[in-house]
Amino acid sequence: MANRLAAATSPYLQQHKDNPVDWWQWSPEAFEEARRRDVPVLISVGYAACHWCHVMAHESFEHDGVAAVVNELTVPIKVDREERPDVDAVYMTATQAMTGQGGWPMTVFATPDGEPFYCGTYFPRDAFLRLVHAVSDAWHGQRDAVRRQSAAVVDAIRQVAERPPANPMDDSVLQAAAESLMKVYDAEHGGFGGAPKFPPHMALLFLLRRYQRTRDDAVADAVRYTCERMARGGIYDQLAGGFARYAVDGTWTVPHFEKMLYDNALLLRVYTHLDRIAGSDTARRVAGETAAFLARDLHDGHGFISALDADADGEEGLTYVWTPEQFDEVLGEIDGAWGRYLLQVTREGTFEHGSSVLQLPEDPANLERWHDIRARLLQARATRPQPARDGKVVAAWNGLAVTALVEYGMAYHDGDMTALAVRTAEFLAGTHLVDGRLRRVSRDGVAGEPAGVLEDYGAVAEAFCAVHQATGDGHWLALAKQLLDVALSRFRDPDTGGFFDTADDAEALVARPADVTDNATPSGLSAIAAALVTYSALTADTAYREAAERALATVAVVAATHGRFTGYACAAGEALLSGPYEIAIATPDPTSPLVAAAWWHAPPGAVVVAGEPDRPGVPLLEGRPLRDGHPTAYVCRGFVCDAPVTALEDLVAKLA
């Protein structure tokens, strides 16, 4: 049996390279093999940090008997959803259409042309075996019915991809989106909706910008309370910082322990802006700890890796949970009792086998003692089995992290974090940008083959705009334009102004995905719209603003009723309604108080650039001299400018 996964760059595929299942990578050759053998295709989609993917692998894909049946009756294809989000999107739409829900592992049976006819998620071993036999029987004995089913599913996928009618994303839409969120706000525990609870980072970014623009205190209170409850619950790593993927309950107590780059990047932005906009000691602490977690635990010297697994030694949460006995063994009886009370470690436990997930309901009065105990617990935890690392670098998620670190570094004057953002952006530009086009993933500093999708172009372009603002270097603005121009020429639907998730010269799938809603990360459309808004503000090029407005109009109808799933697009809409403000600080001194004030008091989606007047490649500094030799702030909104100011209090007043 050929080992076709041995050369894969994906850590998820590498996890399966020694399975007795004869996996193929996604390729034309795999489908041709299915045609040659006249068997259906089994498409198994997951990702490296997925707990239930591991469970199904252990139960079925590592089992010789199951593998023999799968190999005989199908051509099995293994797909990393994070490496091929286009493939994932198409078959997830099919799975949701057939079952009413979706998730990973995703299990799809398709024709040799890739048309799905049976979809599901996790199957226990016996059920999976029966399913494989049933699918094979249907393929060989009821071919016409299978073909009719697959045609119906493909038609459903294509209907889902059809765009809703365009409608301007004006204040009425954003108000309706905010109201849709507040209707499902959990006033007792924070967040929106019930269990399981995912950190609603994109919705929170939208609501923070809305509060800045409207001063709706109810919105601010919802954001502040949600952030407080998440930060004090088990979903947040109270010892090392960083958020887990989601909580299995409605109280943020027990997480699904995997830690994803994209969640922590987006939450870093949320907590930074919460402190900046509304003031929060907890938010400031958590922002600092989350930035440190990203730098310490997820950066591999090139870029940010994708995730830390939920499992260690095959056991979920093993690294993170504690029993009272373990606490006392590390801390001694007195400190152990104090620490157990502080971090909610009980005899009953909150997790499995009497163990507890650490929580911090309130800050201790004795911070010195707390810091000492935390350090000792961390030292002990480091001796435990550690989670596996998904070492691939995803362009879009690194773009999110770069933007977050720039905003954090500039807000808190943390030059180390800003420098890390710049280095990561340099890696993206030098490794992921190949012949003018983005590659989706890299590993160990080497770019992989999968082409970038729309979210990659949007998130990386937005990141390059952020680095341009932090450095005043026109090179980054030029790179952002290069990416946006590719998106406009290769991904845009000229008839509607919307966008497809794949380029017009990408591999053709059974349908061309074009999802306008956010999922775990910003949709490609919302990511590109945000980047277009920012770029237009930095350059005063109205064509890019108009492109953003047309794109957002294609999601406005959905946003008005589903704010939970359009948060990033709504945040871009708030930036447009706010202006966005364009703030230029003409100064030879990057430490000028005007620069710090501009970043700290920036209105929703504002852009800030500081540097010497008429610096090449920096449009916001063109023709903007110092006044009487003093650093001077120029504030514009919607391409209309106020009189320049040199006094700190005058700048703050303008931004308020």
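Using a ≥ b ≥ c from the Cα gyration tensor of region 398-453 (square roots of the eigenvalues), is it rounded, prolate or oblate, where a/c under 1.5 gives rounded and otherwise the larger of a/b and b/c decides, a/b for prolate? The partial results should precede the final answer.
On the way: a/c = 2.99, a/b = 2.50, b/c = 1.19.
Prolate shape, in that a/c is at least 1.5 and a/b is the bigger ratio.
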For region 506-517, 3J(HN,Hα) per residue [Karplus equation, 6.51 cos²θ - 1.76 cosθ + 1.60, θ = phi - 60°, Hz, x = Gly/Pro] | 7, 4, 7, 9, 5, 8, 8, x, 7, 8, 8, 9
Those cysteines in the chain that have no second cysteine Cβ within a distance under 4.7 Å are CYS119, CYS227, CYS465, CYS570
Per DSSP, the loop-located trypsin sites (Lys or Arg not before Pro) within region 204-304 having at most 16 other beta carbons within 10 Å are ARG215
Nearest 10 degrees, 0 to 90: what angle lies between the long axis of helix 171-183 and the longest principal axis of the chain (Cα atoms)?
-> 60
State, as an integer percentage, the relative contact order of the chain based on alpha-carbon contacts under 8 Å between residues 6 or more apart.
-> 13
At 1.4 Å probe size, with every protein chain present, just tell me what the per residue accessible area of the chain comes to in Å².
-> 37
Honestly region 1-155 on the Cα gyration tensor test (a ≥ b ≥ c root eigenvalues; a/c under 1.5 rounded, otherwise a/b vs b/c for prolate or oblate) is just rounded
Summed residue charge, Cβ within 14 Å of VAL640's Cβ, Lys/Arg positive, Asp/Glu negative | +1
Quick one: which residues, 5+ away or cross-chain, put their amide H under 5 Å from the amide H of ARG627? H built at 1.01 Å from N.
-> THR632
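With a 1.4 Å probe and every protein chain kept in, tell me what percent of the accessible surface of the chain is carbon plus sulfur. Walk me through the numbers on the way to the answer.
On the way: 12020 of 24220 Å².
The computed percentage sits at 50.
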Mean separation of Cα pairs under 8 Å and 6+ residues apart, divided by the residue count of region 524-656: what relative contact order is that in percent?
-> 24
What is the magnitude of the charge dipole of region 390-485 about its Cα centre, with +1 placed on the Cβ of each Lys and Arg, -1 on the Cβ of each Asp and Glu, and no other charges, expressed in debye to the nearest 20?
-> 200
Per-selection Rg to Rh, region 81-143 - Cα, Kirkwood hydrodynamic radius | 0.98
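Please return the longest range in the chain lying between exposed loop sites, taking GluC sites (Glu not before Pro), DSSP loop only, at most 10 other beta-carbon atoms within 10 Å, and leaving the sites out. Kindly include the intermediate steps, with their values, before the conclusion.
Details: sites that count: GLU162, GLU188, GLU348, GLU362.
Between the exposed loop sites, the longest stretch runs 363-656.
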Using the scaling law 2.2 N^0.38 Å as the reference, what is the normalised Cα Rg of region 14-96?
-> 1.07
Using alpha carbons only, how many degrees (0 to 90, rounded to 10) separate the axis of helix 395-411 from the longest principal axis of the chain?
-> 30
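Using a/c under 1.5 as the rounded threshold, could you call the chain rounded, prolate or oblate? The axes a ≥ b ≥ c are square roots of the C-alpha gyration tensor eigenvalues, and prolate needs a/b larger than b/c, oblate otherwise.
It comes out oblate by the Cα gyration axes.
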Calculate how steeply helix 125-141 sits against the longest principal axis of the alpha-carbon atoms of the chain, using the helix alpha-carbon long axis, and give the answer as 0 to 90 degrees to the nearest 10.
-> 70
Karplus-derived 3J(HN,Hα), 6.51/-1.76/1.60, for each residue of region 309-316, Hz, glycine and proline x = 5, 6, 9, 9, 6, x, 10, 5
Whole-percent tail of the Cα-Cα distance distribution for region 556-611, cut at 19 Å, equals 44
Relative contact order of region 297-435, defined on C-alpha pairs under 8 angstrom at six or more residues apart (%) | 29
Scalar couplings 3J(HN,Hα) for region 379-394 by Karplus 6.51 cos²θ - 1.76 cosθ + 1.60 (θ = phi - 60°), nearest whole Hz, x for Gly and Pro, are 4, 5, 5, 5, 7, 7, x, 9, x, 5, 10, 8, x, 6, 9, 9
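The values are calculated or read from the model by the stated rules, or taken from the named source; none is laboratory data. Everything numeric in this text was worked out from a predicted model, so none of it was measured. Cβ atoms come from the backbone with ideal geometry, glycine included; neighbour counts cover every protein chain shown. The protein model used for the area step is the full one, side chains on, heavy atoms only, and it has no ligands, DNA or RNA in it. Shrake-Rupley method; radii C 1.70, N 1.55, O 1.52, S 1.80 Å.
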